[in-house]
Structure formats: structure tokens, C-alpha cells
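Beneath this line is the structure, given in C-alpha cells, with notes to follow.
The values are calculated or read from the model by the stated rules, or taken from the named source; none is laboratory data. Fair warning: this is a prediction, and the values are worked out from it, not measured in the lab. Every residue, glycine as well, gets a Cβ built from its backbone with ideal geometry; the counts of neighbours run over all protein chains shown. Just so you know, the surface numbers come from the protein's heavy atoms only, side chains and all, with ligands and any DNA or RNA stripped out. Shrake-Rupley method; radii C 1.70, N 1.55, O 1.52, S 1.80 Å.
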Amino acid sequence: MSAIPMEVQPRAHWARRLCTLLLTGLATLAGSIGTASIAHAAIPSQVAIEGALTAAGGAPAADGYYNVTFAVFKDATAGNPLWIEGPVSISVKGSAFQYILGSKTPIQASVFSGLPSAYLSMKVESDPELPRQPMTAVVYALRAAVAEGIECSGCVGASALDPQVLSAYVKTTDLNAYAKTASLAKVATTGAFADLTGGPDLTGYAKTSDLSAYAKSAGLAKVATTGAFADLSGGPDLSGYAKTTDLAAYVKAASLAKVAGSGAYADLSGTPTPVSLGKTCGSGLVMNGINADGSYACIASAIAPDMIDEISNGLIYNQFVDSTAGTGTIKIPDGLGAGVTDTLTFPDIGQAQKIWVNMTINNSDMSGVKVELYGPGTLNPYIIYAGGKTGTTLTTNFNTDTPIVSGDMNGDWTNKNIKGAWSITVKDTKAGGGSGGFDGDFKWSMNIQTLSNQKIQIKGNLIVDKDVSIAGNLSVTGNINNGNLRPTYRWGRVEGYDNNYGWPMGNSGDYSLGIAPSSWSNGAIIASASADKDLWRMTFVNGGRATVGGALINQMIPQYSDSNMSQHMLFLFRIKNSTANTINWAPTFWYSCGGNWSDYSSATINGANTWSTSGACYAGNCGTANPTFAVPGNRTSSVMFAISSSVGWAPAGFYHRLLLLAFTKGSLKLPAGLEFVDDLDTATGGWEQ
């Protein structure tokens, strides 16, 4: 059969068009209609079609499956469908498709009864209906199933039948013995419902004729006439669920709880406590407000272990960041394949939530540097850095700000204790960039954020209305007398030479940061102090507090002879930088200094010579200084001052000296991100901590 072209414009949504519709197989059907005997055969209720889908512009539609709905209408436009099938899934390949109309919803012969013509429509996905196309007369062969009005010259009449053929059927005269026509109700001969007596009152119900304008049987889906779930289209996939019969082998009715038969919530046992208006939030819930109707607003009561800071408005913390540094600044051998290794021991402080390595590396060519890290008990190193950056300096936090090259530190150490020995190896793979056998240096530290179940930190003041009971030892790092706050600095004194008794304490430097008292009057500066924190604790035995400005020392001391040497005052500030960036602090202060005996006044941050002077001054002409202290991020730094007494002067016949360190207003107010801490009693390590 030749193709019937159906030229259809592209749709806005799917941008497809139905180019050709072929009605195949109907010619065969038509050829079967020729004799009356064919009317007794099974007439096909299906029609095969072929077609093609193309995209906008004429290109073939993409291969795949499309949902399509077919329908037969009396007219070319408008009207209700006489028959409808779909949505059904058709397979499109190379734009072509085939489908058997009636394979899902059989085409009844009555669809074409009395119709001079019929039209086939097609709807793709959610696109509007495509223009209807006339169906050829060949499909009317379906009416052969009814064989209405067939005229035949060779049909067998009743008179030609043997009487025995009808012997099983009752004749009207046979009924005379049982009832007379006069005694029969009218309905016995008419068969009409209206001829019944005592029938129901149906005046309130619609007649079939009243419904004719709404739907015809042919237009209804199959399920509308069968009422069967299996005839529904698009039903849920229940293949994964058990049937009642499948459960028979597992439980007996006698063993089922009452609720299995009743299905009632009230028959359940162990039910949760329901929400009661104004009384309770129910099981597993806590109240976080009251609704407009007076009921409680409830939320889940589960609180994460690390949420204590959120629910305390930032006043209580159980998360801590601890750091342990390497041995200091380490030189990098130039071009040495084995590199240089440094080891630190991280203390037992709990399980890790985050872990990272802070490093500062200086090298003539950072692209040739490689860094390896070994954890406690690990055989293979983590590759922290393997070139990839240009320049001569790199400062970063590996495993947070900068990803490591290989290895999984998070997977290996999160929720584990990282205590033990950590070793780092730095290699310079490109020789010739340094001098004296070395090419740059590095500093490093291991850092860990822990979630503690042993300690908490309170950021604000602790107010207790009643007694405090302490089961363990009480350790106090700040003052507790009269409610004083903890100090912002510590201080100590170095006494000068006594012309009668000589140097105090045998000239021992244990009480003056490892520097002998004789050296303080012979050119020593604070940057030369020992990094031993036990010596710090022996020197800085006094505490003071100043947060805005003020005179930390302003004292006149007598000098009885020229050989009675200077005194020095030593001050320590511990400053924490809670950010990842370096923050500059530049205080302005008055100071005293006596230069005639090589007395220096000086300052340091973390062991660097930040500021020093030997310029002599008298009481009235002591100078001011304004050095800048670069406070590195993610650590606590040590800022120290050593102040010498001034040059002696004799207004009343004997000499006096002045000791002075006075910060101007606002100089001790730290920039955002910095804070004073008083942790000297517990601090570990050297200058790096």
C-alpha cells in the first residue's frame, strides 16, 4: 500500500513533526472480504501502521522511546474520539517507527458503524495533537464482524432446516400448557423494563440517553468497562512487594497482634507519646517556642557533640586547636637528594577533627622543592609538596589551605589520636641555587583541632551563685584575689652590680632568661634570651594587667656610686592570633635607657631582634619608640621587652636612675584577631610556641 503523507508543522516543546504515516496490512484485510463465509471468520481488530519522526529543520529525531497516543475521530477537527489508545511507548530508530493499532485497546467493529469517513490522530509526549489524517476505506473491513445487511442469494432458510435441528427449542404452542397469553404479564412478550410492575423509582437517576452527550463506550478506557486494576495504564510497580499469599508461610493468624486484623492505631503497643496541646512535645522532641494556637513548637532534641558553642551563644567551647612546632629554622641542603629531616613529638591531647601542617619555606627556586611527611607508625610518606609553585617563599597550611599531593591525612587521622613522632623531610632537587652548601630554610608545625570530652573553655565571666565542688586539683593561671581578671603581661627584674657584694645570685642567668646579669650591662638584648620556657617561668614571676595603655614601670632608683650598675626590667606579653593571616601590632611607648655602660633597651617577637637601642637618656629626655610586631597566624606568639635604667644624674649630690616603660593611650588595644593570653604556666616548646 502506498504511503499517505502527513505534513505537520514542528511543535514548540518537542520540536518534532510526523512526516509520513503508512497504513500497512490493511490491503491484506481488504482482500479477505469477498464472500459471505468470511463473515463467520475472526475479523482482525488491529491495524499496523508505520511512520517517521523528524526534528525541526528536517533532521531525524533522536533514537529512543517516545510516549504516543493514537485516536480515531469522526471529523477532521473537534469532536470526541471514537476510539483511543495510549499513551503507548514506540521505538524510533533512524526516525522510523512501527506500531499495531489496537494491540493494547482492541478496535471494535462498531467504531466505524455508519461512518462515511474516519480520521486518525497522533499526539507525541505532551505536544498538542497533530493534524488528523483520513483513514482509507480499507479499515471498514472491520465491519465484516457484524455482517449487517449482507445480501446473499445462497443463504439457507428456516424451511430448509431439518425439524430435529430445532427440537431442543420451545415453540410458542408448547407454552400453552403452562400459561395462557391472557395470564402472562405484558413484560413476558415485550421484554421491556417499563412493562414491569412494582419496579424501583428511578426518577432521581440519569437515563442512558442523558449521558450520551458526555461519553460513548468506545471513548472510554478499557478499565472503565471492566473495573479491573490490571487494565489501568501507568499503574505502580508492585513487583517488589509481597502478596498476601507469600506471607502465609511466615505467620499464623493466631500469632498476629490485634492490630494486624484491626489496622487501628489504638491497638498498637509501645507507641510514642503524642503531642498534647500546651502540655508536652512528645517523645524525642524538645520545646523551642509556642505556636499562635498555644501549642508547643517542638524540634528534635538531638544535639551534636560539637554544638556547645552554638547553643551557648559562643561562651562555652569544647573544641580546641593545638600546635606543636619543629625544632626551629632549619637550613635546606643545596641539591642534596636525601634532603634534611626534622622530627617533633605531638602530645596526647585527644582525637582529631582536623589536622594540618603549617610551613614556611624559603628557597631560590620553589619549583624544585619536595616535602615528605611521616606520621607515627606510617611506612609510606605523605607528599606534602612537590614543586608546582614559582617564587622563592611559600607560607601555607598544608591539608587545609593547600591540598597535599598524595596520601589521605583526613582519612587516616580523623577521629584518631595523632600523638607520637612526626617527621618531615625537605629536599632541594635543583642544585646551584644556594651558597655555602645550603639553599634556603624552613619552619614547620603540626596542628590539630580536637573535640574534647575532658575539658571545656569558658570565654566569658563565670558567675556561681552557690558552692563550687571540685573533685580534682584546682589550677589557676590568673589572679583570683578580689575578683581580679587574669594578667595581660608578666614581668621580672634583673638587679645590677653591688660595689660591696658583687653580682647577685652568683651572676646566674637562670633568673634572667638565661642571660647573666653582667651581660645585661655589657650589650645583651632580649632577642638573645633562652627559648627554655622553664627559665621564662623563673624570670616572669609577677603579673600585671593593662589593655589600653599605661606605665608598666615608672620608678626612680638611687645609684650610690659609678660602679653600682644599671637595673633592667623584663616584660612578657603572650599574644594569640586566631586568624590564618599575619597581623601587625605597632604600639608607641616611652622608655628609659643608659648607654654609657653598654646598656640596651630592646624588644623581640618570637626571638627576632625587632627593636633595640643603646641611646642614653636622662629622666626628662627619655625617648619614644614605635616598632612593628608581625604576629603570625594560627598560633600564640611571645613579645618581650627589656628596659634598661637611664643614665645616672645627681640633682642632690647623689646619682639617680629612672626605669620607665609607658605605653601611650590605645597602644595596648590589640587589632582585631589578636588577644592577650596568660598561658605561661602551661605553655610548652620554645619561641615557636
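Name every residue in the range 482-505 that is loosely packed, with under 15 Cβ neighbours inside 10 Å and at pLDDT below 80, in order of residue number.
Within the range 482-505, N482, G483, N484, L485, D498, N499, N500, Y501, G502 qualify.
Let me confirm something: among S512, S519, which residue is touching a helix residue (DSSP H, G or I) at 6+ places or on another chain (Cβ under 8 Å), over 16 Å from L680 (Cα atoms) and either modelled with pLDDT of 85 or more or open to solvent by 30 Å² or more (accessible area, probe 1.4 Å) (or both)?
Values: S512 fails: over 16 Å from L680 (Cα atoms).
Checking each option against the conditions leaves just S519.
Looking at the structure I just gave you, is A551 at pLDDT below 90, more than 57 Å from the chain's Cα centre (by Cα) and more than 17 Å from E495 (Cβ to Cβ)?
no
What about V371, is it over 30 Å from M307 (Cα atoms) and within 32 Å of the chain's Cα centre (by Cα)? Even if it seems obvious, please write down each step before you answer.
Details: over 30 Å from M307 (Cα atoms): yes; within 32 Å of the chain's Cα centre (by Cα): yes.
So V371 fits the description; yes.
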Task: Whichever residue in the range 638-667 is among the polar types (S, T, N, Q) and in contact with a Leu (Cβ under 9 Å, 6 or more places away or on another chain) and, among such residues, is modelled with the highest pLDDT - done: S638
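Specify the residue that is surrounded by the fewest Cβ atoms within 10 Å (Cβ to Cβ); the eligible residues are those in the range 260-280 that are among the hydrophobic types (A, V, I, L, M, F, W, C) and modelled with pLDDT under 75.
Keep residues of the range 260-280 that are among the hydrophobic types (A, V, I, L, M, F, W, C), which gives 260, 264, 266, 268, 275, 277.
Next cut, modelled with pLDDT under 75 only: 275, 277.
Numbers: V275: 15, L277: 10.
Checking each candidate, the answer is L277.
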Open item on the list: I'm trying to understand the selection: among the residues of the range 339-361, which are at pLDDT 90 or above, farther than 22 Å from A580 by Cα and open to solvent by 40 Å² or more (accessible area, probe 1.4 Å)?
Closed with: T341, T343, T345
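For D322, indicate whether it is of a type in the set (D, E, K, R) and at pLDDT 80 or above.
On the way: of a type in the set (D, E, K, R): yes; at pLDDT 80 or above: yes.
Spelling it out, D322 is indeed of a type in the set (D, E, K, R) and at pLDDT 80 or above.
Quick check, is A188 modelled with pLDDT under 70 and more than 60 Å from the chain's Cα centre (by Cα)?
On the way: modelled with pLDDT under 70: no; more than 60 Å from the chain's Cα centre (by Cα): yes.
Judged against the criteria, A188 is not a match.
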Open item on the list: Filter the range 438-457 down to the residues that are at pLDDT below 85 and either acidic (D, E) or outside any strand (DSSP E or B) (or both) and list them by number.
Closed with: S452, N453, Q454, K455, I456
Open item on the list: Can you find, within the range 404-454, the residue that is surrounded by the most Cβ atoms within 10 Å (Cβ to Cβ) among those that are farther than 26 Å from W687 by Cα and of a type in the set (K, R)?
Closed with: K430
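Matching residues to (1) more than 30 Å from I456 (Cβ to Cβ); (2) free of Cβ contacts under 8 Å to residues at least 12 places away in the same chain; (3) surrounded by fewer than 13 Cβ atoms within 10 Å (Cβ to Cβ):
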| site | (1), (2), (3) |
| --- | --- |
| D293 | yes, no, yes |
| C298 | no, no, no |
| D306 | no, no, no |
| E310 | no, yes, yes |
| G314 | no, no, yes |
| Y317 | no, no, no |
| V321 | no, no, no |
| T327 | yes, no, no |
| G337 | yes, no, yes |
TODO: Quick one: which residue in L552, L513 is in contact with a strand residue (DSSP E or B) (Cβ under 6 Å, 6 or more places away or on another chain) and of a type in the set (A, V, I, L, M, F, W, C)?
DONE: L552
